[in-house]
Every structure is written in structure tokens, then in C-alpha cells.
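Readers should treat all values here as calculations from the given coordinates under stated rules, not as data from a laboratory. Model, not experiment: these values are computed from the prediction. All Cβ positions, even for glycine, are placed from backbone atoms using ideal geometry, and neighbour counts span all protein chains on display.
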Ligand SMILES: Nc1ncnc2c1ncn2[C@@H]1O[C@H](COP(=O)(O)OP(=O)(O)OP(=O)(O)O)[C@@H](O)[C@H]1O
């Protein structure tokens, strides 16, 4: 739940991002965005295609560096850090993507171990133990010797989640992680993410254009329009009038009627 009396775990302040287009023109993709995400939130970013959701998400771990403004995660202002300090700070921010982005020629075990080996602080035994924990968390303990090509889409995304969690991050960024999955697999994956949020306290920022996906998992949502935040609200606050069409459409998912049925048959890991 959002706890505004506590400091935010993610603070975006006055962020702008412009892309250079081929003919020398500029495209202003993120416009003066200020946003706080609190510890334990599952925070949704929703908006039409091209609204700027992914760019805004990628600002949080500086995959895209803002032209102006600051990004602070867990008290560290990322926009001030040196390259090596940023590499270190990114250990605290996991990320998963629509297309899974797994190493195809590596086993499930090696995919999950990869960030730990790259960072170089953990020893072989520690790495094996952590990979085992993370695969257990996502229900894939029996797949550690498989290769990505031998897995279903849902299983590949679970490997990506395990890899993202390997370094004990406080924050998990999710960029349309269910868009390539069918409805049943989506539901199970959302159950896993919800479980990770509740059991480990990992704060999640989730980009999607699907109302049903964000409605099922988020406690707080921001609507992105033309690179700016058009409104943000607690999903369960259905009393305060919404300003945007997407905000109004999301209202059903905050109702007790939806909450009563949403997770009834979900097969969580
Ligand atoms: N590297 C880039 N160079 C130029 N323009 C870009 C670049 N990345 C994104 N854009 C533009 O910025 C805008 C926002 O893109 P972004 O991917 O953030 O939108 P989105 O809301 O996530 O859309 P979608 O739901 O379709 O993924 C789009 O118009 C896109 O074309």
C-alpha cells in the first residue's frame, strides 16, 4: 500500500527526455514529469501507444538518461553518479521486458547467475544458492538445466523474473511483461509478481496498455498522455472523480466486486 508519510523509494523530479529524429527534428517524449513511488507499491503506468510509458520507465534505471531533472532510487540520486557507481546502484533495480531478453545459448541456471557473475562480488557457492532460491520463487526449480528454447513463454518470463531478482533489488521494473502471453499465463504470471511484492516487499513499476492487467495487479496508477502524467490515483479510490477516459475505465478494477473475484482461481506459484 502507498504510505506517503514514508520517503518514496523512487523519485522522478522534473524529468524531460527528447529524442533526435533523422531530419534534425526533436521529439519531446517525456515532459516535465514528477512522480513518487512508495515502498511496496505496485505502480502502473498506462497510456496509449507512443504516450511515453516505456521511456518514462527506462528513465528510472537510466537506460534512458533524462535531458533535465533528477532520478533518485532508494535515496541515491542516479543522475549524479559516475559510471561505476551507477553500475552498482543498478543492482538494486531489476527489469523485465516483453520479449524476455534471455541468453539463448545459456541454461536457465546460467541466465539467472549471469548478473551475479558479471557483478563479481558473489562466490560460486553463494551464486548457486541464490540461483536456487530465485528459481524456487518463480516455480522453476526443475528447469535449471533447460535452455530458453525448451521453455514456454510464461516459463521464459519467469526465468527473466528470477534473473531480475538475483541481486536482491528493492525495485522491479516491468515493461509490458505479459504482452506476449495468453490470458491464462498472464494471470499466473501476475500472481507470481504479486506474491513477490507481498512476500519480499519488492516495489514494482509496471508498464502496460492493458486495463485488465494493471487493474488486476496495481494499487496505484498514473495515466501517461503525450509524455506527461495526465493523472494518478489509488486504484481502490473510486470515489474521487477521474480526469481521463483510461482512469474512468480503470474504476471497475478498484471495486470490491472485482477484488472478490480477481484472484479466486489464479494458480500462483
Ligand atoms: N530512441 C528513440 N528515438 C526516437 N524516438 C523515440 C525513441 N524511443 C522512443 N521514441 C518515441 O517516443 C515516443 C514514446 O515512446 P515509448 O516507447 O516510450 O511509448 P509507449 O507509451 O511505451 O508506447 P508503446 O505502448 O507503443 O510501447 C514514441 O513516439 C516513440 O516513437
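Judged by the gyration tensor of its Cα atoms, with axes a ≥ b ≥ c, the chain is oblate; a/c meets the 1.5 cut and b/c is at least as large as a/b. Between residue 146 and residue 87, the simple spin-label model (points 7 angstrom out along Cα→Cβ) gives 3.3 nm. For a label point 7 Å from the Cα of residue 126 along Cα→C-beta, name the residues of the range 65-81 whose backbone N is under 19 Å from it. Nothing falls inside the zone, counting backbone N under 19 Å. Sorting 125-138, 174-187, 228-241 by average packing, meaning the other beta carbons within 10 Å per residue, from highest down gives 174-187, 125-138, 228-241.
The overall shape of the range 1-77 is prolate: from the C-alpha gyration tensor, with semi-axes ordered a ≥ b ≥ c, the ratio a/c is 1.5 or greater and a/b exceeds b/c. Full extension of the chain segment joining residue 133 with residue 110 gains 6.9 nm, where the gain is 0.36 nm per residue of separation less the Cα-Cα distance. Across the chain, C-alpha contacts under 8 Å between residues 6 or more apart give a mean separation that, scaled by the residue count, equals a relative contact order of 24 percent. Note on the range 110-128 and the range 129-167: Cα centroid distance 14 Å, given to the nearest whole angstrom. Figure legend: label point modelled 7 angstrom from the Cα of residue 16 along Cα→Cβ; residues of the range 44-60 with amide N under 20 Å from it are 51-60. Computing FRET efficiency as 1/(1 + (r/R0)^6) for residue 240 and residue 198, where r is the C-beta to C-beta distance and R0 is 22 Å, gives about 0.30. Think of it as helices only: each DSSP H run of n ≥ 4 in the chain is worth -39500 (n - 2.57), and spread over all residues that comes to -10000 deg cm²/dmol at 222 nm.
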